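Peer 1: Structure provided below as structure tokens; questions to follow.
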Amino acid sequence: MTEYAKTRVAFGHPIGRNQYIQGYIVDSWVELEAARSFVYEMASRVDDGADGRREAAAAKLLATEMVGRVADRAIQVYGGNGFMTETGIERFWREVRAYRLYEGTSEILRNNIAKTLGL
């Protein structure tokens, strides 16, 4: 998204100068860094002897939901080009949607985490 926003010109200037585009990119970067830190924290807990089921479910839930939002934002940044097969963004969007299904849907992960919380 960042490189595209720097090079795609609309109305006489790069779209990356648009605050909405900047917001999409910044929000995506912040969520990515937060998810990365969370995944490392959950892995550290497992290394320290935690059971791992809740930690793995929580890490997958957070990361896959995050990447879905990032993919949606990428489509917004690329606009109509985001649906063109040449950019690869539409493929990314399709693939990340499936991540919320593999190895347990987000709903199942939430159920499993709720059980570990005594709910």
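The values are calculated or read from the model by the stated rules, or taken from the named source; none is laboratory data. Treat the numbers as computed from the prediction; the structure is a model and nothing was measured. As a convention, Cβ positions derive from the backbone with ideal geometry for all residues, glycine included, and neighbour counts pool all protein chains shown. Side chains included, ligands, DNA and RNA excluded: accessible areas come from the protein's heavy atoms. Shrake-Rupley method; radii C 1.70, N 1.55, O 1.52, S 1.80 Å.
For every residue, the table says whether it meets (1) touching a helix residue (DSSP H, G or I) at 6+ places or on another chain (Cβ under 9 Å); (2) under 18 Å from Thr116 (Cβ atoms).
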residue: Phe11; (1), (2): no, no
residue: Tyr24; (1), (2): yes, no
residue: Ala35; (1), (2): yes, no
residue: Ala56; (1), (2): yes, yes
residue: Val67; (1), (2): yes, no
residue: Asn81; (1), (2): yes, no
residue: Glu86; (1), (2): no, no
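Peer 1: Could I ask something else about it? Checking Thr85 against (1) open to solvent by 70 Å² or more (accessible area, probe 1.4 Å); (2) in contact (Cβ under 8 Å) with a residue 60 or more places away in the chain, which single condition isn't satisfied?
Peer 2: Of the numbered conditions (1) open to solvent by 70 Å² or more (accessible area, probe 1.4 Å); (2) in contact (Cβ under 8 Å) with a residue 60 or more places away in the chain, the odd one out for Thr85 is (2).
Peer 1: To continue, here is another question. Could you tell me how many of the residues in the range 3-25 are in a helix (DSSP H, G or I) and surrounded by 11 or more Cβ atoms within 10 Å (Cβ to Cβ)?
Peer 2: First, pick out the residues of the range 3-25 that are in a helix (DSSP H, G or I): 3-7, 15-17, 19-25.
Checking the rest, the ones that are also surrounded by 11 or more Cβ atoms within 10 Å (Cβ to Cβ) come to 4-6, 15-17, 21-25.
So the answer is 11.
Peer 1: Which of the following residues is open to solvent by 40 Å² or more (accessible area, probe 1.4 Å) and either among the hydroxyl-bearing types (Ser, Thr, Tyr) or farther than 30 Å from Lys6 by Cβ (or both): Asp72, Asp48? Show your work before the answer.
Peer 2: Details: Asp72 fails: either among the hydroxyl-bearing types (Ser, Thr, Tyr) or farther than 30 Å from Lys6 by Cβ (or both).
Step by step, each of Asp72, Asp48 is checked, and only Asp48 is open to solvent by 40 Å² or more (accessible area, probe 1.4 Å) and either among the hydroxyl-bearing types (Ser, Thr, Tyr) or farther than 30 Å from Lys6 by Cβ (or both).
Peer 1: Are any residues in the range 97-117 under 14 Å from the mean Cα position of the chain (by Cα) and either open to solvent by less than 90 Å² (accessible area, probe 1.4 Å) or modelled with pLDDT of 95 or more (or both), and if so, which ones?
Peer 2: Ala98, Arg100, Ser106
Peer 1: Where the second residue is in a helix (DSSP H, G or I) and polar (S, T, N, Q) and the first is under 13 Å from Thr2 (Cβ atoms) and lies in the range 16-27, which pairs have Cβ atoms under 8 Å and are six or more apart or on separate chains?
Peer 2: Pairs found: Gly16/Thr2; Gly16/Gln22; Tyr24/Gln76; Ile25/Thr2.
Peer 1: Would you please list the contacts, defined by Cβ atoms under 6 Å and residues six or more apart or on different chains, that run from a residue in the range 89-105 that is under 19 Å from Ala5 (Cβ atoms) to a residue that is surrounded by fewer than 17 Cβ atoms within 10 Å (Cβ to Cβ)?
Peer 2: Pairs that qualify, where the first residue is under 19 Å from Ala5 (Cβ atoms) and the partner is surrounded by fewer than 17 Cβ atoms within 10 Å (Cβ to Cβ), are Glu90/Phe83.
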